[in-house]
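Inspection log for the structure reproduced underneath, given as structure tokens.
Just so you know, all these numbers are worked out from the coordinates, no wet-lab data involved. Quick caveat, the model's predicted, so the values are computed rather than measured. FYI the Cβ positions are ideal-geometry reconstructions off the backbone, even for glycines, and counts take in every protein chain you see.
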Amino acid sequence: MTGLLKSDGLVWDLAPFVFPIKLFLFVCEVKERKEMTEKYPITVDEVRDAQDSLRTGINEHEGKNFKEAIAAFKKSAMIHPFDEKHISELETKLKGGNFKLQQESIAYMGCAAVHLNEMIHGLDEDQKQEVPIDDSLTNAFKDW
């Protein structure tokens, strides 16, 4: 039963509570990121470095060098981090599961890609023009 919690023979539908909680957490996270970028503005060089590391990770992943790919994805996600504990929390969750190295690499790839996207959103319009998004990265994520 998806979205339901059984307790003492009663069934509680938690679906009405999940969306407001997720929305609240999203709003808090966006506010935290906005405050972070206002205190410590993201630079064009940081975005370029994150993009280069992500590109390196994708190339390593495609070459089946998953350990090297994971290292590159972690490096990308830790450039101007919005939450310094995020990578260690992801690492803990992945170690707790029964994942193959390739699956772990994909998880870190997603993390690095989302992080780069957030960094790009932290730039002003003039800065965005200075950081053209690599076509190979755009093509890599079209099918996602």
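The table below lists the values:
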| item | result |
| --- | --- |
| For segment 105-122, 3J(HN,Hα) per residue [Karplus equation, 6.51 cos²θ - 1.76 cosθ + 1.60, θ = phi - 60°, Hz, x = Gly/Pro] | 4, 5, 4, 5, 4, x, 4, 5, 5, 5, 4, 4, 4, 5, 5, 4, 5, x |
| Flagged links, alpha-carbon separation over 19 Å, of LYS64/LYS100; LYS64/LYS93; LYS85/LYS128; LYS64/LYS85; LYS75/LYS128 | LYS64/LYS93; LYS85/LYS128; LYS64/LYS85; LYS75/LYS128 |
| Global form of segment 42-140, assessed from the alpha-carbon gyration tensor, a/c cut-off 1.5 | oblate |
| For SER76, net neighbour charge (Lys/Arg +1, Asp/Glu -1) across residues whose Cβ lies under 10 Å away | +1 |
